[in-house]
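Working notes for the structure below.
The values are calculated or read from the model by the stated rules, or taken from the named source; none is laboratory data. These figures come from a predicted structure and were not determined experimentally. Here the Cβ positions follow ideal geometry from the backbone for every residue, glycine too, while neighbour counts run over all protein chains shown. Note: areas computed on protein heavy atoms with side chains; ligands, DNA, RNA excluded. Shrake-Rupley method; radii C 1.70, N 1.55, O 1.52, S 1.80 Å.
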Amino acid sequence: MNLRILVAGGGIGGLAAALACARSGAQVQLFERADGFGEVGVGIQIGPNVSRILTRWGLSDALAQVAAFPTHLQIRSAVTGNELGRLPLGSTAVARYGAPYATIHRADLHSLLLAAVQAQAGASLQLHSELRGFSQSQAQVRARTRAGDWHEADALIGADGLWSAVRQWLLDDGMPRVTGHVAYRAMVPQATLPQPLRSQHVTVWMGHRLHVVQYPVRQGQWLNVVGILHASLPAAPDSSALPLDGWDHGADAATLRAALTGMASPLQELVHAIDHWRMWVLCDRPPMTGPRQQARGRVALLGDAAHPMRPYLAQGAGMAIEDAAELGHLLAGADADVGAVLYRYANRRWQRNRRVQARAIRNGQIFHARGLVEFGRDLALRVLGRRLIDVPWLYSH
Ligand SMILES: Cc1cc2nc3c(=O)[nH]c(=O)nc-3n(C[C@H](O)[C@H](O)[C@H](O)COP(=O)(O)OP(=O)(O)OC[C@H]3O[C@@H](n4cnc5c(N)ncnc54)[C@H](O)[C@@H]3O)c2cc1C
């Protein structure tokens with residue numbers, strides 16, 4: 001019997017889930033509330049743990065056509081500009097982990113997953129279809145679209161992001177928390193930058209209560225820049241007032257530039273060379289505490305709906321894709337006991353997701369350190385270098 005699966009959300013997680021489930025033989029219906037598929041112009045890093053899955057899904061050529069493959073990751077002090085440590089990527093990452101470290105435009109990753117879903121037998125997509133009402137029984141799960149149509153299936157996957165409606169219905173555990181960190185993001189053609197500002201590697205600039213990350217995308221032709229600041233703006237809102245599509249505003253470059261006053265001149269020059277920025281107020285949830293936060297009965301959560309995290313390990317979309325791969329793997333050959341499969345999925349995923357969420361929080365503290373902690377960090381990076389920067393438990397998964 002072909003299992004019937006509903007997927008809420010057509011972001012990177014939802015598309016990956018639809019692809020993985022349909023590849024395992026399920027009949028998948030994906031519902032996306034937006035009128036069209038489109039992603040904002042920002043970049044995303046993909047570790048070998050993620051590119052390995054894309055390769056298994058037959059997407060390595062598509063990835064190679066649109067991604068960049070940085071030569072190395074360099075950590076620099078935002079204050080002095082000095083290099084603190086370096087991790088070779090490129091062929092070294094492939095030799096060590098059997099898969100590349102890639103950096104990619106979000107829209108390109110989304111498009112290649114979308115094309116794969118559209119070409120995959122058993123998967124169908126519906127735009128302009130927000131899922132709003134849910135119910136589950138021993139026998140089935142039901143979800144209602146905004147237009148009022150009910151859809152029945154064996155399982156529902158909530159891949160509807162940070163402000164997940166599926167999660168609210170399933171767990172009723174409140175809204176995500178505002179972290180007090182704000183991300184400024186921009187992407188520019190490298191050709192528009194002065195030569196010394198162009199680069200084909202990942203640079204992490206560590207400052208005081210801030211850091212900046214830059215890396216190439218689109219085969220190295222564009223540069224993605226993300227600056228993260230501690231900021232109290234906007235004030236922590238009443239949770240009921242949070243817009244369910246999160247915050248994504250045009251940003252005033254002056255705020256970011258002011259925060260970088262006195263920092264190393266190459267960093268200031270980069271930020272001054274870019275005029276158009278977008279701003280995200282970063283939200284997350286505390287690290288997961290058990291499998292019941294990721295599945296109950298015939299309903300499972302995936303990606304940001306399950307484990308929204310700070311972006312300081314660059315693995316939010318990565319964990320969504322890992323979730324999807326695990327789900328597809330467990331569904332292959334599964335019988336009708338969907339609840340048991342989803343429980344196994346949650347049981348196999350939650351501790352890793354928890355670890356990545358916790359490490360991302362810790363990275364933020366290390367990246368933004370001052371005083372003695374900063375001194376110890378810089379010393380450790382100089383002495384241990386790549387051994388401190390590499391994350392084998394993450395990348396070799
Ligand atoms: C500054 C920053 C940098 C980052 N950098 C990286 C990085 O380098 N590497 C990395 O791996 N991750 C990174 N991330 C994290 C990554 O962007 C997210 O973890 C990832 O996009 C989550 O994907 P998702 O599909 O779970 O959720 P989303 O992308 O939020 O997708 C959810 C989808 O569901 C739809 N939807 C919502 N509600 C409904 C509903 N009721 N019915 C139907 N559809 C619905 C939405 O319209 C949306 O399309 C970064 C995040 C930030 C903020």
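Scanning the stretch 291-336 for residues that are more than 13 Å from the ligand (Cβ to nearest atom), at positive phi and at pLDDT 95 or above yields one hit, GLY297. Looking across the stretch 282-336, the residues that are open to solvent by 10 Å² or more (accessible area, probe 1.4 Å) and in a strand (DSSP E or B) come down to LEU282, CYS283, ARG296. Considering (1) within 9 Å of the ligand (Cβ to nearest atom); (2) touching a residue at least 40 places away in the same chain (Cβ under 8 Å); (3) touching a Lys or Arg at 6+ places or on another chain (Cβ under 8 Å), the lone condition that LEU342 does not fulfil carries the number (1). Restricting attention to the stretch 185-203 and to residues that are under 13 Å from LEU270 (Cα atoms) and within 20 Å of the chain's Cα centre (by Cα), the residue that is surrounded by the most Cβ atoms within 10 Å (Cβ to Cβ) turns out to be ALA186. Counting only residues that are of a type in the set (Gly, Ala, Ser), closer than 15 Å to LEU162 by Cβ and not in a loop (DSSP other than H, G, I, E, B), the stretch 9-35 holds 2 of them. There is at least one residue in the stretch 42-57 that is closer than 14 Å to VAL94 by Cα and part of a strand (DSSP E or B).
Every residue, every condition in (1) touching a residue at least 60 places away in the same chain (Cβ under 8 Å); (2) within 16 Å of the ligand (Cβ to nearest atom); (3) farther than 29 Å from TYR184 by Cα, yes or no:
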site	(1), (2), (3)
ALA26	yes, no, yes
GLY36	yes, yes, no
VAL42	yes, yes, no
LEU73	yes, yes, no
ARG86	yes, no, no
SER91	no, no, yes
ALA102	no, yes, no
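Applying a threshold of 9 Å to beta carbon distances and a minimum spacing of six or more residues, or different chains, the list of pairs starting in the stretch 44-61 at a residue that is free of Cβ contacts under 8 Å to residues at least 12 places away in the same chain and ending at one that is crowded, with 20+ Cβ neighbours inside 10 Å and part of a helix (DSSP H, G or I) reads SER60/SER51; SER60/LEU54. Quickly run through the stretch 112-138 and pick out the residues that are open to solvent by 50 Å² or more (accessible area, probe 1.4 Å), touching a strand residue (DSSP E or B) at 6+ places or on another chain (Cβ under 9 Å) and among the small types (Gly, Ala, Ser). SER124, the sole residue that qualifies.
Residues ILE53, ILE46: which one is at pLDDT 95 or above, within 11 Å of the ligand (Cβ to nearest atom) and either crowded, with 18+ Cβ neighbours inside 10 Å or over 25 Å from TRP150 (Cβ atoms) (or both)?
None of the other options fit; the residue is ILE46.
Residues that are within 13 Å of the ligand (Cβ to nearest atom), open to solvent by 20 Å² or more (accessible area, probe 1.4 Å) and more than 15 Å from SER129 (Cα to Cα) within the stretch 162-177 comprise LEU162, TRP163, GLN168, TRP169, LEU170, listed in sequence order. Note on the stretch 356-377: among residues that are surrounded by 18 or more Cβ atoms within 10 Å (Cβ to Cβ) and among the polar types (S, T, N, Q), the one that is farthest from VAL213 (Cα to Cα) is GLN357.
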